[in-house]
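Report on the structure given below.
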Amino acid sequence: MGEPARPAPETRDAYPRQIALGTRWGDNDVYGHVNNVVYYAFFDTAVNGCLIEAGVLDIAKSSVIGLVVETGCRYFSGVAFPDRITAGLRVAHLGRSSVRYEIALFREDEERASAQGHFVHVYVDRETRRPVPLPDGMRAELAGWM
């Protein structure tokens, strides 16, 4: 048995929500490219930035917050400072209190993703940290990302 075929990178049109991100000088590692851990920061920044922009998340005051419980990333091609990045977002699963986000990072004006990943947020009460249903406004916004 051979190894399963590696999926090809997806294109921008597969992601209904997009947000521009920039690389920073300190994102590069000694190998001259953005370090793998930075991709996860891009994912978090993209999702939370879009939620804030949509008016469904206030990071200082919202009574419901998302905690990451699962994450993963597949890398296709390198990114380095000073590249411009576009993060494409979509919702793969919208549960009662959880959301699986899929994120792709596109370098410059390239049509194919440099990296694709996912993470799952479980939405919890800010004080008790117990799962709660997604607020109606957030659920409606996220449904548009499917």
ask   = Along segment 13-23, what does the Karplus equation 6.51 cos²θ - 1.76 cosθ + 1.60 (θ = phi - 60°) give for ³J(HN,Hα), rounded to whole Hz, x for Gly and Pro?
value = 5, 7, 10, x, 10, 9, 9, 7, 10, x, 7
task = Can you grab the distance from the C-alpha centre of segment 17-77 to the C-alpha centre of segment 105-146, Å, no decimals?
result = 10
query = Which of the listed residues, P7, Q18, C50, is farthest toward the dipole's positive end in the chain, when Lys, Arg count +1 and Asp, Glu count -1 at the beta-carbon?
reply = C50
ask   = Which of F81, I103, G137 sits farthest toward the positive end of the charge dipole of segment 44-146, with +1 on the Cβ of Lys and Arg and -1 on the Cβ of Asp and Glu?
value = G137
query = Top mean-square fluctuation among F42, F76, F106, Gaussian network model of the chain, C-alpha springs under 10 Å?
reply = F76
key: Residue-by-residue Karplus 3J(HN,Hα) for segment 128-136, coefficients 6.51, -1.76, 1.60, Hz, glycine and proline x   = 8, 6, 9, x, 9, x, 4, x, 4
note = Rg/Rh over Cα atoms for the chain, Kirkwood Rh, comes to 1.00
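Under 1.5 on a/c is rounded, so check that first for segment 78-146, then, if it is not, pick prolate when a/b is larger than b/c and oblate when it is not; a ≥ b ≥ c are the square roots of the alpha carbon gyration tensor eigenvalues.
prolate
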Total formal charge among the other residues, if their Cβ is under 13 angstrom from that of E53, Lys/Arg +1 and Asp/Glu -1 = -1
key: Amide H contacts of E110 (H built 1.01 Å from N, under 5 Å, at least 5 apart or other chain)   = none
query = Using a Gaussian network model of the chain with C-alpha springs under 10 Å, which one of G22, G117, G66 is most mobile by mean-square fluctuation?
reply = G22
task = Go ahead and estimate [θ] at 222 nm for the chain from helices alone: -39,500 (n - 2.57) per DSSP H run with n ≥ 4, summed, over the residue count, rounded to 500.
result = -5500 deg cm²/dmol
task = Would you kindly calculate the mean projected area, averaged across all directions, of the convex hull enclosing the Cα atoms of segment 1-44, in square nanometres?
result = 5.4
note = Once A14 and D136 are pulled to full extension, the length gained, defined as 0.36 nm per residue separation minus their Cα-Cα distance, is 41.4 nm
ask   = Do you know the relative contact order of the chain, to the nearest whole percent, from alpha carbon pairs under 8 angstrom that are 6+ apart?
value = 30
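Please state the charge dipole magnitude for the chain, taken about the Cα centre, from unit charges on C-beta atoms (+1 on K and R, -1 on D and E), reported in debye and rounded to the nearest 20.
Numbers: 16 positive and 19 negative charges, 77 e Å.
The calculation lands at about 380 debye.
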remark   = Rounded to the nearest 10 degrees, the helix 36-53 long axis (Cα) sits at an angle to the longest Cα principal axis of the chain of 40
request  = Return the single residue from D83, D27, D109 with maximal mean-square fluctuation; model: Gaussian network over the chain, springs between Cα atoms under 10 Å.
outcome  = D109
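Read the figures in this text as sums done on the coordinates, not as results from a lab. Treat the numbers as computed from the prediction; the structure is a model and nothing was measured. All Cβ positions, glycine included, derive from the backbone under ideal geometry; neighbour counts span all protein chains shown.
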